[in-house]
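Q: The structure under discussion is supplied below as structure tokens; questions concerning it will follow.
The values are calculated or read from the model by the stated rules, or taken from the named source; none is laboratory data. Small disclaimer: the values here were computed from a predicted structure and weren't measured. Glycine also receives a Cβ, built like all others from the backbone with ideal geometry; neighbour counts cover every protein chain displayed.
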Amino acid sequence: MSSAINTTAASQSTSLQRLCHVEKKIVHAVDLAGRVMEELASSTGSGPRAEVVAAHCQEFMQSVKDIQVTLREEIKGMCDYRAYENCDYVARMSAEISTQKLVCVIGQIEAMLRGLQNVTQS
């Protein structure tokens with residue numbers, strides 16, 4: 001059981017690391033879009049440099065593609081975890097613990113009843 005918990009924790013950590021990496025890629029993509037806008041708004045005599053705009057646009061599109069792939073993999077991974085969503089382990093353990101508590105309480109009540117019966121018979 002412990003290794004399953006460690007595996008789950010490790011996969012969650014890895015998943016969070018990948019999502020953090022995606023966040024950085026999104027920031028980079030927005031930065032690239034800003035650079036393209038700056039280049040298009042450039043007031044130099046020759047206007048926007050086509051090769052710079054094309055390079056930034058190509059890098060932007062590649063970043064978006066990488067982001068989509070990573071997010072798709074993460075979503076697929078989360079769907080795989082969904083199988084454990086209907087697991088009843090916690091409910092079964094809670095019911096078992098409650099049953100044991102009730103057995104203990106019933107035993108104590110029966111002991112008190114026997115004690116009362118002994119006192120009333122004396």
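Q: Quick check on this structure: which one of 19, 71, 32 is more than 20 Å from the chain's Cα centre (by Cα) and either in contact (Cβ under 8 Å) with a residue 60 or more places away in the chain or assigned to a helix (DSSP H, G or I) (or both)? Quick ask: steps written out before the conclusion?
A: Values: 19 fails: more than 20 Å from the chain's Cα centre (by Cα); 71 fails: more than 20 Å from the chain's Cα centre (by Cα).
On inspection, the qualifying residue turns out to be 32.
Q: Just a yes or no: is a residue in region 82-103 among the small types (Gly, Ala, Ser) and either at pLDDT below 85 or in contact with a Lys or Arg (Cβ under 6 Å, 6 or more places away or on another chain) (or both)? Lay out the reasoning, then the answer.
A: Of region 82-103, the ones among the small types (Gly, Ala, Ser) are 83, 91, 94-95, 98.
Among the residues that remain, those that are also either at pLDDT below 85 or in contact with a Lys or Arg (Cβ under 6 Å, 6 or more places away or on another chain) (or both) are: 83, 91.
Yes, there is a match, as at least one residue in region 82-103 is among the small types (Gly, Ala, Ser) and either at pLDDT below 85 or in contact with a Lys or Arg (Cβ under 6 Å, 6 or more places away or on another chain) (or both).
Q: What's the number of the condition residue 47 fails, among (1) under 28 Å from residue 31 (Cβ atoms); (2) small (Gly, Ala, Ser); (3) assigned to a helix (DSSP H, G or I)?
A: Every listed condition holds for residue 47 apart from (3).
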